[in-house]
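Peer 1: One structure is given below, represented as structure tokens, and several questions about it will come after.
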Amino acid sequence: MAKYYVMGNYTPQAFKGFIGNPNQDRAAAATALSEAVGGKMESFAITRGSFDFVGVVSGTSFEGAAAVKLAVEASGAITNFTILEEMDMGKASEMAAKAMSNYKPAG
């Protein structure tokens, strides 16, 4: 099952919304978005640092995660929405070894 780590930043427009309604449940909103594209929000946190939020989503396709990016950035409330897809390093290494057996470097 695919797993995605999503993170992003709120815009000044979103911060106005937080100030106007400080009791908003953004985890519920993020969960609804994930479910709309067939995913399951495993965790969601408002964070300090380079990103304002981080979520872990499973069960959707990369296109589903990209659809959420399109929707939330188009809303004007979020920017810098980043999607990281979990991968199997062992499988990638096996494929790299196979590729290298047929590869001849330049020179």
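The values are calculated or read from the model by the stated rules, or taken from the named source; none is laboratory data. A quick note: this is a predicted structure, and the numbers were derived from the prediction, not measured. Positions of Cβ are generated from backbone atoms using ideal geometry, with glycine treated the same way; all protein chains shown enter the neighbour counts.
Peer 1: Check the range 66-78 and report whether any residue there is assigned to a strand (DSSP E or B) and surrounded by 15 or more Cβ atoms within 10 Å (Cβ to Cβ). Reasoning before the result, please.
Peer 2: Keep residues of the range 66-78 that are assigned to a strand (DSSP E or B), which gives 78.
Those still in the list that are surrounded by 15 or more Cβ atoms within 10 Å (Cβ to Cβ) too: 78.
Yes, the conditions are met somewhere in the range 66-78.
Peer 1: In addition: From the list A92, A106, pick out the single residue that is under 24 Å from the mean Cα position of the chain (by Cα), farther than 30 Å from A14 by Cβ and hydrophobic (A, V, I, L, M, F, W, C). Break it down stepwise before answering.
Peer 2: On the way: A106 fails: under 24 Å from the mean Cα position of the chain (by Cα).
Answer to the selection: A92.
Peer 1: Quick one: in the range 12-49, of everything that is acidic (D, E) and without any contact (Cβ under 8 Å) to a residue 12 or more places away in the chain, which residue is surrounded by the fewest Cβ atoms within 10 Å (Cβ to Cβ)? Write out each step before concluding.
Peer 2: Of the residues in the range 12-49, the ones acidic (D, E) are 25, 35, 42.
After this cut, where a residue has to be without any contact (Cβ under 8 Å) to a residue 12 or more places away in the chain as well, the list is 25, 35.
Details: D25: 9, E35: 14.
Step by step, filter the range 12-49, then rank; the result is D25.
Peer 1: Pairs, please: C-beta under 7 Å, at least 6 apart or cross-chain, first residue among the acidic types (D, E) and in the range 50-64, second at pLDDT 95 or above and surrounded by 14 or more Cβ atoms within 10 Å (Cβ to Cβ)?
Peer 2: D52/G8; D52/N9; D52/Y10
Peer 1: Going by the structure shown, is S93 in a helix (DSSP H, G or I), of a type in the set (S, T, N, Q) and surrounded by 13 or more Cβ atoms within 10 Å (Cβ to Cβ)?
Peer 2: On the way: in a helix (DSSP H, G or I): yes; of a type in the set (S, T, N, Q): yes; surrounded by 13 or more Cβ atoms within 10 Å (Cβ to Cβ): no.
Taking the combined requirement at face value, the residue does not satisfy it.
Peer 1: I would also like to ask the following. Kindly provide the set of residues from the range 79-90 that are in a helix (DSSP H, G or I) and either closer than 20 Å to G39 by Cα or not aliphatic (A, V, I, L, M) (or both), ordered by number.
Peer 2: Keep residues of the range 79-90 that are in a helix (DSSP H, G or I), which gives 89-90.
Scanning the range 79-90 gives a single hit, G90.
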